[in-house]
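Scroll down for the structure; my scribbles are underneath it.
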Amino acid sequence: MMNMTIPTFLLWLVLLVIGVSDAREHRIPNQLLLALLLITTLGVVLNPAQTDWFEVFSDKATGFVLCFAVGLLLYLMRVMAAGDVKLIAVLGFILGLDPLTNYIFYVCVSIAFIGSMYWALNKLPSSLSSFKRLKNNGDFSLQSLSVSAYLSSEGVKHAVGTKQGLTYMPFAPILIIGLAMHQYFSY
């Protein structure tokens, strides 16, 4: 079991506030990102078992730069917002270089699960109204359901192609849940 030190507790508290802020306001305050950097730095400096600070900070700096570069690329592709890029870079600093591939796996799991929930949240009411209409008209059959499923898949293809009707979701909660999964399953 992980020892819950003060910097670790503060780190998770700030991450919780960031996740809620992004989910509610679609905004990640820079002050909270700076607080994460400070807490992580204090955690390294105050660790009595730490012998080579230069090696630890160079590993964390490399993680920061790599994550920032990937995040910037995704930002330029218009996949994510600037606050998400900064958060990804800070998470790269928190983790360091070595655990990043493992962390990416858990972020992908989080994206698949939470993304499908956001998509269902936005698309389910319209699908339910179509389903009720079919049932009320007496057209309720397996064939009508398959036609409805085909039309929904065509609608998804159209939404992606035209960028209309796409589901947008905050990315910070996904990154934080991925970090929690990484930390839980790695120890």
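The values are calculated or read from the model by the stated rules, or taken from the named source; none is laboratory data. The model shown is predicted, which means the values in this text are computed figures rather than measured ones. Cβ atoms come from the backbone with ideal geometry, glycine included; neighbour counts cover every protein chain shown. Remember, those area values only see protein heavy atoms, side chains included, never the ligands or the DNA or RNA. Shrake-Rupley method; radii C 1.70, N 1.55, O 1.52, S 1.80 Å.
Structure above, values below:
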| read-out | value |
| --- | --- |
| Region 62-120, relative contact order in percent, only Cα pairs under 8 angstrom and at least six apart counted | 37 |
| Pair residue 45, residue 72: separation of 7 Å Cα→Cβ label points (nm) | 2.7 |
| Ordering of 83-89, 36-42 by packing [mean C-beta count within 10 Å, highest first] | 83-89, 36-42 |
| Heavy-atom accessible surface of region 1-75: percent carbon and sulfur, 1.4 Å | 72 |
| Net charge contributed by nearby residues that have their C-beta within less than 12 Å of residue 96 (K/R +1, D/E -1) | -2 |
| Packing rank of 66-79, 49-62, 173-186, where each peptide gets the mean count of other beta carbons within 10 Å, highest leading | 173-186, 66-79, 49-62 |
| For region 25-81: rounded, prolate or oblate by the Cα gyration tensor [a/c cutoff 1.5] | oblate |
| Under Karplus coefficients 6.51, -1.76 and 1.60, residue-wise ³J(HN,Hα) of region 175-182 in Hz, glycine/proline x | 5, 6, 5, x, 5, 5, 5, 4 |
| Charge context of residue 38, other residues only, Cβ under 15 angstrom, K/R +1, D/E -1 | +2 |
| Table column - 3J(HN,Hα) (Hz), region 56-72, Karplus curve with 6.51, -1.76, 1.60, x for Gly and Pro | 5, 5, 5, 5, 5, 5, 5, x, 4, 5, 5, 5, 5, 5, 5, x, 5 |
